[in-house]
Amino acid sequence: MWSWGTTPLAVIGAAAVVWAPAGIASYAAAAVLVVVGLVLDQRAQALASGLTKAAMERLSATHQQELAALNQRHQSALAVLGSDVVPVWVRHIGTARKQLEGAVVNLTRDFAGIVDRLNDAVSASYRVAGVEQGASGEGLRQVVSNSERRLNLVGQILDTTLSEKQHMLEESQRLVQFTVELQKMAADVASIADQTNLLALNAAIEAARAGEAGRGFAVVADEVRTLSTRSGAIGKNISQKIDAVNRSIKDSSDLIEAAATRDSQARIDCETQLSGVVNEFQQAMQGLTQSADVLRTESAAITSAVSGALEQLQFQDRINQLLMHVTDSLMNLRDQLASGQSPDVAAITRLLEKLERSYTMTEERSASASGIPGIPGGGQGSADDITFF
Amino acid sequence: MAKTILIVDDSASLRQVVAIALKGGGYDVLEACDGRDALGKLSGQKIHLIISDVNMPNMNGIEFVKAVKQLPNYKFTPIIMLTTESQEDKKQEGQAAGAKAWVVKPFKPEQMLAAVAKLVLP
């Protein structure tokens, strides 16, 4: 026979408060239990108070029927609680566990993806900058170095060209010196021709004085005079040609000198341009290197934050275990209610003791310690530690 | 060549967290959802270290460790228990079974890597 004085529904309600932290569904159900328990207990207490055995005997048949009906309603409510309500709680908790696990799996995968992509980006930036330790030399630093070397090679080629033109200019000036000597030689030839001509003229005069005897000598003197005239003409012609050659050499020298001056200026301009290009490359490389450093620093900070997030995400596993223990206990309650035996304080206490034995975490023991008096609890052990054996 | 570590846990999310931490340390990772599944994955592979939960369906972590210690190829393979259990009696149970370390969840990834580096077979 059901005993109202033991207020079992209040005990169930209080037990539900212990389970309540496990989830919103449990919390709402627990609140319903507490309210139902309080209402029924108040009515039972009101009926039981002041009823002595003698008074009970004097109860009218109407009152006894009312008490029996109330008892019947109470037992029916408990049966419905076990058969209909508790399985719904269990299913809700199961749904919550699945959804929570799925969400955390996705979240963890996303975090891992972020870290992987970040590491790839950092590696790529260092590869581009060519500053990564052990880099294969394909980076920008290597490109800048190669470009600088090739641009310097262009400068060396220009230097060689400039040097060759300078050499040509010097050779031209030497030619001018030769022509001066040639001019002098031509003048000597003309002078000798003049003297020879004068000599031939004297010879012709002396031959004329000699009369018939000097006729042959006069012919010779005339020929010598002809030759000296021709020599003088040739000498003059040589002198004119040398003048022409001299002018050509001077024109060539002027052209070469002008070209050399332009090339020299071009070399200076080229060097300035090459230096500017190399500097721009180096600045670009420095910018990229700094960006890569910033990226690496940020990456390290994000990786650290993700590491912290991975630690926090493990609480899903702890919550999952807590919900499993609550689910098991709810199933035990269902079995208790389905047995047909009316629960009493001892049965409920055993239920909570069984729940307590399933605890693995400090939080569970702490929550239980604040539950029903008489149930041993309290946190033991410490989380976040490593023990080596 | 990267060392291979077997993670045994019935929680997919926890396996993933451990796997991410270990892959970040350059390890290859295999996963099993309970002790029975893990024993099946040990055959034909070289496993350098095992990380196992304690409370699992089918075969719990303590039973799994005892079973591993019976296998000639894995007799000396270091095993780290990774669990929410922090009670001393549970730790002693793990030690008696043959585990080398007891890590309480939640763990810090860098601490797990340090523990693995300390115990992993060469």
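Could you pull out every residue, at least 5 positions away or on a different chain, whose amide H is within less than 5 Å of the one on B:S11? Hs are placed 1.01 Å off N in the peptide plane, and Pro or chain starts have none.
none
Enter the mean number of other protein chain beta carbons within 10 Å of the beta carbon of each residue in A:313-325, as an integer.
5
If you take each beta carbon of peptide B:79-86 and count the beta carbons of other chains within 10 angstrom, what is the mean?
For this peptide, the per-residue mean of nearby foreign Cβ atoms is 5.
Using only helices, what value at 222 nm comes out for chain B when you add -39,500 (n - 2.57) per DSSP H run of length 4 or more and divide by the total residues, to the nearest 500 deg cm²/dmol?
Taking each H run of at least 4 residues, the total per residue is -12500 deg cm²/dmol.
Taking θ = phi - 60°, what integer Hz values does the Karplus form 6.51 cos²θ - 1.76 cosθ + 1.60 yield along region B:88-101, in sequence order, with x for Gly and Pro?
Those phi angles translate into 4, 5, 5, 4, 5, 5, x, 4, 5, 5, x, 5, 9, 7 Hz.
Give the average, rounded to an integer, of partner chain Cβ atoms located within 10 angstrom of each Cβ in B:102-115.
The mean count of partner-chain Cβ atoms within 10 Å per residue comes to 6.
Let me check I have the definition right: for region A:238-318, take the eigenvalues of the Cα gyration tensor, multiply each by 5, take square roots. What are those semi-axes in whole Å, largest first?
76, 7, 4
Taking H as built 1.01 Å from N, whose amide H comes closer than 5 Å to the amide H of B:V29, not counting residues under 5 places away?
Amide H neighbours of B:V29, under 5 Å, 5+ apart: B:I5.
I'd like the Karplus ³J(HN,Hα) series for region A:238-248: coefficients 6.51, -1.76, 1.60, θ = phi - 60°, whole numbers in Hz, and an x wherever there's a Gly or Pro.
Using θ = phi - 60°, the values come out as 4, 4, 5, 4, 4, 4, 5, 4, 4, 4, 4 Hz.
Suppose the chain between A:D344 and A:V176 were pulled fully straight at 0.36 nm per residue; how much longer would it get relative to their current alpha carbon spacing?
The A:D344-A:V176 span can extend by a further 47.0 nm.
Find which of A:A187, A:Q177, A:T161 sits farthest along the positive direction of the dipole of region A:147-188, computed with +1 on the beta-carbon of Lys and Arg, -1 on that of Asp and Glu, about the Cα centre.
So the residue furthest toward the plus end is A:T161.
Magnitude of the Cβ-charge dipole of region B:4-119, K/R +1 and D/E -1, about the Cα centre, nearest 20 debye?
400
Would you list the P(r) distribution for region B:4-119, with all Cα-Cα distances sorted into 10 Å bins from 0 and each bin expressed as a whole %?
15, 53, 31, 1
Residue by residue through region B:7-14, what is 3J(HN,Hα) from phi via Karplus (6.51 cos²θ - 1.76 cosθ + 1.60, θ = phi - 60°)? Round to whole Hz and write x for glycine and proline.
Coupling constants for region B:7-14: 9, 10, 7, 7, 8, 4, 5, 5 Hz.
Since every read-out is calculated from the coordinates, none of them should be taken as a lab result. In this text the structure is predicted, and so the values were computed from the model without any measurement. Positions of Cβ are backbone-derived with ideal geometry, glycine not excepted, and every protein chain shown enters the neighbour counts.
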